[in-house]
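A short worksheet on the structure shown next.
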Amino acid sequence: MVLTSVADSIIGCWNAKSYYSFWRPIAAIRRAADDGNPATEADPTWEPLVATAAHPEYPSGHNCFTGATVEALETFFGTRDVPVAVDSVVTNTTRRFARAEDALKEVIEARIYIGYHFRSADVDGATLGRSTARYILSRYFLPAP
């Protein structure tokens, strides 16, 4: 359920990335003088915390993936109270969440803080993932007996 939901949400996500071809924060901040808004000021030296991917910003692929995962888990278990633990091999730590939705909320914030996305890309990516999962799960998976 999770993998089918994720696969279809990523297809939708990349179709949207191709369609909207929206600039990432690094380009928007560095080239703010070109955005047509006199209230913004460019910072040509601004850098995200980690190097930015070379594909369009909108919507957030990570949140398409995570939104679909959360929706599939909640559907499978029949509750929004699905605890989740996520291990990091980079920091050798484990983040624990009482609800999968809490992990999704953290991913939304993290992608903004790191400098990869604008909030709209994260929120809309999560919505795309959840919506895709709902569609797939309601049509292609039978309810538990």
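Under the definition of Cα pairs under 8 Å and six or more residues apart, what whole-number percent is the relative contact order of the chain?
34
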For A42, list long-range residues whose amide hydrogen, built 1.01 Å from N in the peptide plane, is under 5 Å from its own amide hydrogen.
-> A32, A33
Candidates A100, A39, A68, ranked by Gaussian network fluctuation over the chain, Cα under 10 Å, top entry | A39
Find the Rg to Rh ratio for the range 2-140, where Rh is the Kirkwood radius over alpha-carbon pairs and Rg uses the same atoms.
-> 1.03
Counted neighbours (other Cβ, 10 Å), sorted fewest up, put R96, R130 in the order R96, R130
Out of G115, G125, G61, a Gaussian network model of the chain with alpha-carbon springs under 10 Å gives the largest mean-square fluctuation to G115
With x for Gly and Pro, the residue-by-residue ³J(HN,Hα) of the range 51-56, computed from phi through the Karplus equation 6.51 cos²θ - 1.76 cosθ + 1.60 at θ = phi - 60° and given in whole Hz, is 3, 8, 5, 9, 10, x
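List S60, S88 from most exposed to least, where exposure is judged by having the fewest other Cβ atoms within 10 Å. Show your work: numbers first, answer last.
Details: S60 29, S88 9.
Exposure proxy ranking, most exposed first: S88, S60.
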Least to most buried among R119, R134, R111, by other C-beta atoms within 10 Å and fewest first, runs R119, R134, R111
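Values in this text are rule-based calculations from the coordinates and carry no lab data. This structure is a prediction, so every number in the text was calculated from the model and none was measured. Reconstructed Cβ throughout: ideal geometry from the backbone, glycine too, with neighbour counts over all protein chains shown.
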